[in-house]
1. Among residues belonging to the stretch 395-431 that are among the β-branched types (Val, Ile, Thr) and assigned to a loop (DSSP other than H, G, I, E, B), point out the one that is surrounded by the most Cβ atoms within 10 Å (Cβ to Cβ).
2. Read through the list (1) without any contact (Cβ under 8 Å) to a residue 24 or more places away in the chain; (2) open to solvent by 30 Å² or more (accessible area, probe 1.4 Å); (3) closer than 30 Å to Lys43 by Cβ, then give the number of the only condition that Thr217 fails.
3. Restricting to the stretch 396-413, name every residue that is within 25 Å of Cys342 (Cβ to Cβ) and either touching a residue at least 60 places away in the same chain (Cβ under 8 Å) or not aliphatic (A, V, I, L, M) (or both).
4. Report the residue count in the stretch 1-28 for those that are part of a helix (DSSP H, G or I) and at pLDDT below 90.
5. Report, by residue number, each residue of the stretch 140-168 that is closer than 26 Å to Lys244 by Cβ and touching a Lys or Arg at 6+ places or on another chain (Cβ under 9 Å).
6. Can you name the number of the only condition in (1) of a type outside the set (Gly, Ala, Ser); (2) at pLDDT 90 or above; (3) within 21 Å of Leu171 (Cβ to Cβ) that Val409 fails?
7. Within the stretch 34-48, take every residue that is within 15 Å of Leu113 (Cβ to Cβ) and either assigned by TED's automatic domain parsing to the domain that holds Asp215 or under 29 Å from the mean Cα position of the chain (by Cα) (or both) and give me the one that is most open to solvent (accessible area, probe 1.4 Å).
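The values are calculated or read from the model by the stated rules, or taken from the named source; none is laboratory data. Quick caveat, the model's predicted, so the values are computed rather than measured. Backbone-built Cβ (ideal geometry, glycine too); neighbour counts: all protein chains shown. For accessibility, only protein heavy atoms count, side chains too; no ligands or nucleic acids. Shrake-Rupley method; radii C 1.70, N 1.55, O 1.52, S 1.80 Å.
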Amino acid sequence: MVKHYRPPGKKKEGNAAKYVTRSQALKLLQISLPLFRRLCIFKGITPREPKKKFKGTHHTYYHVKDIAFLHHEPLVEIHRTIRTHEKKIKKAEAKKNLERANKLREQTPKIRLDRIIKERYPRFVDALGELDDCLTTVHLFAALPALESKKIDVESVHRCRRLAHEWQAFLSRTHKLRKTFVSVKGIYYQAQVEGQTITWITPHPLQQVVPDTVDITTMLNFLQFYETLLGFVNFHLYHSINLKYPPILDPRLEALAADLYALSRYVNTSARPSITNSEADHLDGSDEVEVKENEGQTEDEKSKLRLAQLQHQLPSNEPGSLMHLVEDISGEDEEDQDTKECKNLFKNMKFFLSREVPRESLLFVIPAFGGTVSWEGEGAPFGESDQSITHQVVDREVQGHLFFSREYVQPQWIYDCVNARIILPTEDYMVGRIPPPHLSPFVVDNEEEGAYVPDYVKTIKRLQNAARKEVLPLPGVGKEDLGDPQNLLVEGINDRAEANEAAQRKEKMKMLEQQYHDELKKELQGAAYTPMGSNVGEQTCAGEIKTGEESTSNIKQNVEDSANMPLVMMSRRKRKLLEAMQISNERKRAANDLIKQRKKKLEESKR
């Protein structure tokens, strides 16, 4: 039977059948390159790296299934419809039919990404896990100026600013913020929402310049997707604490650029109806009868009646008592220990922000940790002359009027207290003084031997242990020495007699161990064996010394062989990995030694 050979080019096998280049994908989809990039951003399709690049290394490869996934995407048809509609607008403008052009421009189809968000993130936890880049991009565009040349419109900037403030207001209300760090790039934040750790960065409130080297078109495509994603997340989070979304803000505060404070007020005041539902069961009989009699009234009358009942229950001589009652109630029924600790950090403290400090950041951080805050300007909840203010945050040495009933601190004190989770002493953060180094909370404490630990880290640890009433080891004493009888005596665990007996036993064991090591050294040197406690003189002949030297060399060789045995048994890949780890450890050790030397020279120069 004659064997039929496959004609060349009729069938593909291997990587050629699994992957296609970008140019092949464009021909298959019949779309332009900018539209292809936009669809890949929306759908989350990324280039692949096949083992064998059959078209060369200068091509970008995509999986065939991803391209087939795009081939049936409804967004492709929507973009084609938009392109056709734009041609109609241009044709109407060319005929100088402005009325038809404006009408067509108002009827332009719009792209909705709701279906794609549900498709990419079937669970809410999945959306929270992908929120780092989303929040960073939204906060970045919220601080950028509106530029027509860069296609950054005013509505997009305002939309980003509103989404960012809604996210911050939720974190402040539920006390989910965990860490913050001020760097040259911006201000880093880290929050814990439903078990997901979310980290993002916000730029400093300065005039931002968009460089020409940045591909702003690609960033705008990402922004369009991230705006929809963050809107979905905020909607779900606000409904989880029984709040309507989007929130309705006070127009006066919005005009004064106090959006975050307006959102916080909305969150606090709107959370009350969900709380009062549980209180309705505890009303007395007369109140219940009154409520039943007014069931036929309008909604306005019912709300007025409910408000009157609440005001009757609250103390009449306390101003703003409804606000304080709402702030004391948590949005969740069960709070973990970390949330309770963050909620009570700045409890019963009132802060006033001067005009030169980063107001927006501190308005977000201080309420997230249980504090009450106001600022210098119109629309503030209380003024600078309020006698109940405990701390005033300033950043200039000259002050017009000083109040002795409050403490004046620099903004760094707020961030350091948040990261340490304790109220730090304010002496080092007073106005006019150089504050301590601002330590990053994202650096894992390196407790390895020889690692450099800043002095202020040790100071903060001592303050934390003192706040938690833990026993600190003395200088030069490790944690393993806390089990020593002398230390146990200090802690009141053993009495003096038991401690003395234990110390004597420990000293005797040390002597026996030292004697054992001495005899091992003599044996390695070729000396004759002598029992413990004997005073027999060491008499060796020349033959015995020679034999001892040979045995010593054999023992050393055996020790080296046993040390190299794991390396011999390793594969080449693992051996290279071990060598790379050793080189990395040596570099870290050298860097730590260099830091210690510089610190030593700096201390000597100060003397």
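1. Selected residue: Ile422.
2. Going through the list (1) without any contact (Cβ under 8 Å) to a residue 24 or more places away in the chain; (2) open to solvent by 30 Å² or more (accessible area, probe 1.4 Å); (3) closer than 30 Å to Lys43 by Cβ, Thr217 breaks only (1).
3. Correct list: Arg406, Glu407, Tyr408, Gln410, Pro411, Gln412, Trp413.
4. Count: 4.
5. Phe141, Ala142
6. (3)
7. Top of the filtered list is Arg38.
Yes/no per residue for (1) hydroxyl-bearing (Ser, Thr, Tyr); (2) loosely packed, with under 10 Cβ neighbours inside 10 Å; (3) part of a helix (DSSP H, G or I); (4) modelled with pLDDT of 80 or more:
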| residue | (1), (2), (3), (4) |
| --- | --- |
| Gln515 | no, no, yes, yes |
| Gly533 | no, yes, no, no |
| Glu550 | no, no, yes, no |
| Asp561 | no, no, yes, no |
| Asn592 | no, no, yes, yes |
| Arg598 | no, no, yes, yes |
| Ser605 | yes, yes, yes, yes |
